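Colleague: Below: one structure in structure tokens.
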Amino acid sequence: MAEYYVYKISPTIAKLVKPMDLLEVFENYKEARSFAREQRQNAGNDTQEIYKVIFAENALDAEEKLSEFREKPIVKEWEK
């Protein structure tokens with residue numbers, strides 16, 4: 001059964017490997033989202049850590065999805 005995983009991703013120099021820590025697993029998206037928001041607020045503004053919620057079958061699948069390289073979306077003129 002797929003669940004929502006909350007990860008803390010630390011900044012790194014190399015873009016190939018992202019150091020990430022699994023913080024919590026939730027069955028409900030709203031609970032996962034509120035937990036991630038609390039973690040972001042507790043971390044403060046000076047930190048460069050990123051907190052992500054991802055829906056996956058298991059922790060390995062979640063880490064693979066978070067490690068995938070994604071190109072930045074192209075912003076159209078009317079979307080600015």
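No value in this document is a laboratory result; all are computed from the given coordinates. Since we're looking at a predicted model, the values are computed, not measured. Cβ coordinates were reconstructed from backbone atoms using ideal geometry, including for glycine residues, and neighbour counts include every protein chain displayed.
Colleague: Using +1 on the beta carbon of Lys and Arg, -1 on that of Asp and Glu, and nothing else charged, what's the dipole of the chain about the Cα centre, debye to 20?
Modeller: That gives a dipole near 400 debye.
Colleague: Between helix 29-43 and the chain, what is the angle of the helix's C-alpha long axis to the longest principal axis, kept within 0 to 90° and rounded to the nearest 10?
Modeller: It is inclined by approximately 70 degrees.
Colleague: Taking the number of other C-beta atoms within 10 Å as the exposure measure, put MET1, MET20 in order starting with the fewest.
Modeller: Fewest to most other Cβ atoms nearby, the residues stand as MET1, MET20.
Colleague: Set the Förster distance to 35 Å, then compute FRET efficiency between GLU57 and TRP78 from the Cβ-Cβ distance, nearest 0.05. Each step should come with its number before you reach the end.
Modeller: Values: r = 37 Å, r/R0 = 1.07.
For GLU57 and TRP78, the calculated efficiency is 0.40.
Colleague: How would you classify the range 3-79 from its alpha-carbon gyration tensor, with a ≥ b ≥ c the square roots of the eigenvalues: rounded for a/c under 1.5, else prolate if a/b is greater than b/c, otherwise oblate? Intermediate results must be reported in sequence, preceding the final value.
Modeller: On the way: a/c = 1.28, a/b = 1.24, b/c = 1.04.
Cα axes put the range 3-79 in the rounded bin.
Colleague: For a footprinting-style exposure proxy, rank VAL25, VAL17 by other Cβ within 10 Å, fewest first.
Modeller: Final ranking by Cβ density, sparse to dense: VAL17, VAL25.
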